[in-house]
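Shown below is the structure under consideration.
The values are calculated or read from the model by the stated rules, or taken from the named source; none is laboratory data. Owing to the predicted nature of the structure, the values given are computational and were not obtained by experimental measurement. A quick note on method: Cβ atoms are made from the backbone with ideal geometry, for glycine too, and the neighbour counts reach across all protein chains shown. Surface areas here come from the heavy atoms of the whole protein model, side chains and all, with no ligands, DNA or RNA. Shrake-Rupley method; radii C 1.70, N 1.55, O 1.52, S 1.80 Å.
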Amino acid sequence: MTFTSFMAEALAEARAAGDRGEVPVGAVVVRDGRIVARAGNRTRELADPSAHAEMLALRAACTAAGSERLGGHDLYVTLEPCAMCAAMIAATRIDRLYYGAADPKSGGVAHGARVFSHPQAHHTPEVFDGIGEGAAASLLRDFFAARR
């Protein structure tokens with residue numbers, strides 16, 4: 001079996017989010033080598049602080065699956081998920097999480113809350129970090145530099 005990364009598609013969602021004036025974070029949910037949901041941040045557009053790329057993509061994937069559980073699914077996201085998104089990842093039972101840039105300030109996987117390391121975590125996915133890290137970090141750096 002050959003590994004195929006879907007980070008390029010997550011990065012495309014991040015670029016689209018940035019073009020809309022949102023923090024450029026993108027996510028895709030994959031099952032059996034096919035993208036079943038995709039999203040970019042929409043917190044400002046929807047006036048919803050929970051409208052992170054991961055949350056939107058996971059909600060859409062649950063709708064497509066007809067279930068609140070996403071066993072057999074993988075999530076690709078351009079930035080380390082925050083604690084809120086990590087809790088949603090655990091709740092949906094995602095098999096594997098692939099993320100790009102680390103987030104020492106607000107991350108909830110390898111930094112900060114480290115949601116998956118708590119005994120209260122419902123589920124711990126396999127985690128692979130640093131996938132497309134350079135491109136993801138560059139998008140974020142450029143976005144914030146343009147606003148300073």
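Looking only at region 62-76, which residues are farther than 24 Å from residue 129 by Cα and under 14 Å from the mean Cα position of the chain (by Cα)?
Within region 62-76, no residue meets the criteria.
Residues to consider are 29, 36; find the one that is touching a His at 6+ places or on another chain (Cβ under 8 Å), buried (at least 24 other Cβ atoms within 10 Å of the Cβ) and closer than 18 Å to residue 8 by Cβ.
Being touching a His at 6+ places or on another chain (Cβ under 8 Å), buried (at least 24 other Cβ atoms within 10 Å of the Cβ) and closer than 18 Å to residue 8 by Cβ holds for just one of 29, 36, which is 29.
Determine whether region 116-125 contains at least one residue that is among the hydroxyl-bearing types (Ser, Thr, Tyr) and under 18 Å from residue 74 (Cα atoms).
yes
Which count do you get for residues in region 1-26 that are over 11 Å from the mean Cα position of the chain (by Cα) and open to solvent by 10 Å² or more (accessible area, probe 1.4 Å)?
Total satisfying the criteria: 16.
Please determine, by comparing only the residues of region 92-148 that are assigned to a loop (DSSP other than H, G, I, E, B) and among the aliphatic types (A, V, I, L, M), which one is modelled with the lowest pLDDT.
Of everything passing the filter in region 92-148, 121 is modelled with the lowest pLDDT.
Scan region 43-64 and report the pairs whose first residue is in contact (Cβ under 8 Å) with a residue 12 or more places away in the chain and within 14 Å of residue 24 (Cβ to Cβ) and whose second residue is of a type in the set (Phe, Trp, Tyr) and open to solvent by 40 Å² or more (accessible area, probe 1.4 Å), with Cβ atoms within less than 8 Å and a gap of 6+ or a chain change.
Going by the 8 Å Cβ cut-off, there are no qualifying pairs.
Residue by residue, here is whether (1) touching a Leu at 6+ places or on another chain (Cβ under 6 Å); (2) basic (Lys, Arg); (3) at positive phi holds:
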site: 64; (1), (2), (3): no, no, no
site: 94; (1), (2), (3): yes, no, no
site: 105; (1), (2), (3): no, yes, no
site: 137; (1), (2), (3): no, no, no
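Would region 47-62 turn up any residue that is in contact with a helix residue (DSSP H, G or I) (Cβ under 8 Å, 6 or more places away or on another chain), surrounded by fewer than 17 Cβ atoms within 10 Å (Cβ to Cβ) and in a loop (DSSP other than H, G, I, E, B)?
yes
Sticking with this structure for a sec: Does residue 40 count as over 15 Å from the mean Cα position of the chain (by Cα), modelled with pLDDT of 95 or more and not aromatic (Phe, Trp, Tyr)?
In short, no.
Moving on to the next point. Within region 65-97, track down each residue that is of a type outside the set (Gly, Ala, Ser), closer than 18 Å to residue 41 by Cα and crowded, with 24+ Cβ neighbours inside 10 Å.
75, 76, 77, 78, 79, 80, 81, 85, 89, 97
Still on this structure: So, in region 124-148, how many residues would count as being without any contact (Cβ under 8 Å) to a residue 40 or more places away in the chain and open to solvent by less than 50 Å² (accessible area, probe 1.4 Å)?
Matching residues across region 124-148 total 3.
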